[in-house]
Every structure is written in C-alpha cells, then in structure tokens.
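Asks: Before we start, here is the structure in question, set down as structure tokens.
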Amino acid sequence: MRASCCFIEPSCRKVEICNPYPPGKTDRALSGKMTATSSSLRFSGCFVTLLIWAGCTSVVCLVDEKLTAQPTIDTTHGDIPLPLSFACGTNAHSCMEYCRICQDYFGAPTMLCLHTLLQHRCIPKFNNSMTSMKSTNWCTWGNVSNYYSNLSHCTEEISDCLMIPWPNPLVEQTFVDIHSRFFKECPSEELSDPPPVIVMALVITPICLIPLMVSLVVLKTKNGDGSS
C-alpha cells in the first residue's frame with residue numbers, strides 16, 4: 001500500500017504533507033464513493049499544504065532576515081569639541097565659533113578662512129538688504145548707511161576674533177567689490193569753478209599786496225640808516 005503525498009519546496013524550507021488516506025482496492029460497489037472521497041482528501045491536503053507554505057515563507061524568512069541583519073553600532077561619543085590650537089580674540093560664543101571653523105577646516109586663522117567667513121556671514125546680509133530696496137534708492141546715503149555700517153562692523157568683528165589686523169587688504173577689496181556693484185552708477189559731486197568775482201578778488205589781492213610790502217621794506221631800511 002502506497003501513501004499519496006503532496007510536495008512543495010519553497011525558497012525557505014521543504015514542506016511535505018502526506019495524505020493519510022491512500023487509495024486502496026475496496027469493494028467495487030464502494031469504488032465510486034471512495035474515489036470521490038480520495039479526490040476530496042487530496043484537494044484538502046494540497047490546500048492545507050499551500051497555507052502552511054505561505055506561513056513558512058513569511059515566518060522563516062523573517063527569522064532569517066533577523067539573523068542575518070547586522071546591528072548598527074553608534075561610534076560617536078557626542079559633539080565634544082577639541083581645544084583650540086591658537087588664541088581666539090574673545091570668549092564670546094560667536095567668536096569661538098569663528099575660531100573653531102578656522103581650526104576644523106583650515107587648520108589656523110588664515111586669510112582664506114577670513115575670506116570664507118566674510119562670504120558666508122557678512123556679505124550675504126548686506127546683499128540681501130540692498131536687493132530688498134529699489135536700485136534708485138542705493139545712492140541715498142540715509143537709506144544704506146545702516147547696512148553699510150553693519151557690514152563694516154561684521155568684517156571688523158570677525159577679523160578681531162581671528163586676531164587679524166583690521167582693516168586689511170581682504171576687507172578693502174570686499175568694499176571695493178561692493179562699491180563697484182551697488183554704487184558705481186551713483187553720481188558724484190563734481191567741483192565747479194567759483195564765480196568770476198571771487199576769482200578776480202583772489203588774483204588782484206596778492207598783486208596789490210606786493211608793492212605795499214616792497215614800500216614798507218624800503219621805508220624800514222631808510223629809517224634804520226638815518227638813526228645809525
């Protein structure tokens with residue numbers, strides 16, 4: 001007597017479920033009924049096999065994934081800043097931040113670090129303030145004096161923190177670039193000649209004083225000779 005089995009081999013493990021009711025040789029009268037019963041049992045066995053296979057696939061695969069997954073180890077010990085290798089201008093928070101940027105990215109408070117800080121901390125604020133107003137108002141000193149002073153103070157503060165003399169060629173070039181961008185079209189007050197009357201007065205006065213001075217010298221000389 002041989003048992004009828006269903007075999008399914010999923011990717012995770014092999015599942016074998018046997019039908020405990022194998023077909024046998026029975027009475028011919030019950031042959032049709034036994035055949036129908038056997039077919040029903042085989043169908044039920046295969047259906048159960050499919051259910052078990054689905055559970056096997058999800059459960060076993062999840063277990064395998066958990067076993068093969070490697071834990072992530074956090075090797076950071078917090079943001080503990082290293083001590084500065086150079087002297088900073090002041091102990092203010094912003095000043096220490098500038099010095100730490102120079103140490104972390106440039107190794108020292110160099111002019112390149114100063115240039116980078118000016119490009120990211122000072123100049124963008126000034127540019128945004130200038131572009132927020134109409135270009136026709138750029139040439140009015142009352143409209144831009146506050147922004148101009150803030151820019152000057154920002155460059156001085158960062159230079160002092162890095163203990164770089166202020167003003168310096170980098171700061172001067174920064175202001176030259178700003179003037180060439182925003183104030184190049186501003187009209188300058190040209191000096192005009194004074195009125196003709198004033199010109200004549202300024203020219204004639206020394207001419208008239210020369211003979212008078214000569215006469216005084218001559219008189220003084222004569223008076224000196226007569227007394228001696």
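The values are calculated or read from the model by the stated rules, or taken from the named source; none is laboratory data. This structure is a prediction, so every number in the text was calculated from the model and none was measured. Positions of Cβ are generated from backbone atoms using ideal geometry, with glycine treated the same way; all protein chains shown enter the neighbour counts. Surface areas here come from the heavy atoms of the whole protein model, side chains and all, with no ligands, DNA or RNA. Shrake-Rupley method; radii C 1.70, N 1.55, O 1.52, S 1.80 Å.
Asks: If I ignore ligands, DNA and RNA and count only protein heavy atoms, how much of Tyr148 is accessible to a 1.4 Å probe, in Å² to the nearest 10?
Replies: In the full protein context, Tyr148 sits at about 50 Å².
Asks: Using packing as a proxy for protection, rank 198-211, 109-122 so that the peptide with the highest average count of other Cβ atoms within 10 Å comes first. Walk me through the numbers before you get to the answer.
Replies: Numbers: 198-211: 9.5, 109-122: 17.1.
Answer by packing, highest mean first, reads 109-122, 198-211.
Asks: Enter the accessible area of Cys154 (Å², nearest 10), with the probe set to 1.4 Å and all protein chains included.
Replies: 20
Asks: With the crude spin-label approximation of a point 7 Å out along Cα→Cβ, what separation in nm comes out for Glu97 versus Thr136?
Replies: The answer from the label model is 3.9 nm.
Asks: How much length is gained if the chain between Ile210 and Asn128 is pulled fully straight, taking 0.36 nm per residue apart and subtracting their Cα-Cα distance, in nm to one decimal? Mind dumping the intermediate values first?
Replies: Numbers: separation 82, 0.36 × 82 = 29.52 nm, distance 6.20 nm.
Full extension from Ile210 to Asn128 adds 23.3 nm.
Asks: How much accessible area does Lys125 have with a 1.4 Å probe, in Å² rounded to the nearest 10?
Replies: 140
Asks: Please calculate how many Å² of accessible area the stretch 113-189 carries per residue, with a 1.4 Å probe and no DNA, RNA or ligand atoms counted. Could you put the intermediate results ahead of the total?
Replies: Values: 4640 Å² over 77 residues.
About 60 Å² of surface per residue is accessible.
Asks: Work out from phi, with θ = phi - 60° and the Karplus expression 6.51 cos²θ - 1.76 cosθ + 1.60, the ³J(HN,Hα) of each residue of the stretch 107-112, listed in order in whole Hz, and give x for Gly and Pro.
Replies: Here the 3J(HN,Hα) series is x, 6, x, 8, 5, 5 Hz.
Asks: Taking all pairs of distinct Cα atoms, average 1/r, flip it, and tell me the Kirkwood hydrodynamic radius of the stretch 77-175 in Å to one decimal place. Show your work: numbers first, answer last.
Replies: Working: mean 1/r = 0.0681 Å⁻¹.
One over the average 1/r among Cα pairs gives 14.7 Å for the stretch 77-175.
Asks: Now for a separate question. Note the per residue figure in Å³ for the convex hull of the C-alpha positions in the stretch 141-203. Spell out each step's value before the answer.
Replies: Working: hull volume 9.7 nm³, N = 63.
It is 153 Å³ per residue.
Asks: Stokes-Einstein diffusion coefficient for the stretch 84-140 at 25 °C in a medium of 0.890 mPa s, Rh from the Kirkwood formula over Cα pairs: what value in µm²/s? Please report the intermediate quantities before stating the final value.
Replies: Values: Rh = 13.1 Å.
My calculation gives 188 µm²/s for D.
Asks: If you don't mind, there's one more thing I want to ask. Carbon-plus-sulfur fraction of the accessible area of the stretch 89-200, 1.4 Å probe, in percent? Don't jump to the answer; show the numbers that get you there.
Replies: Numbers: 4170 of 7300 Å².
In the stretch 89-200, the share of accessible area belonging to carbon and sulfur is 57 percent.
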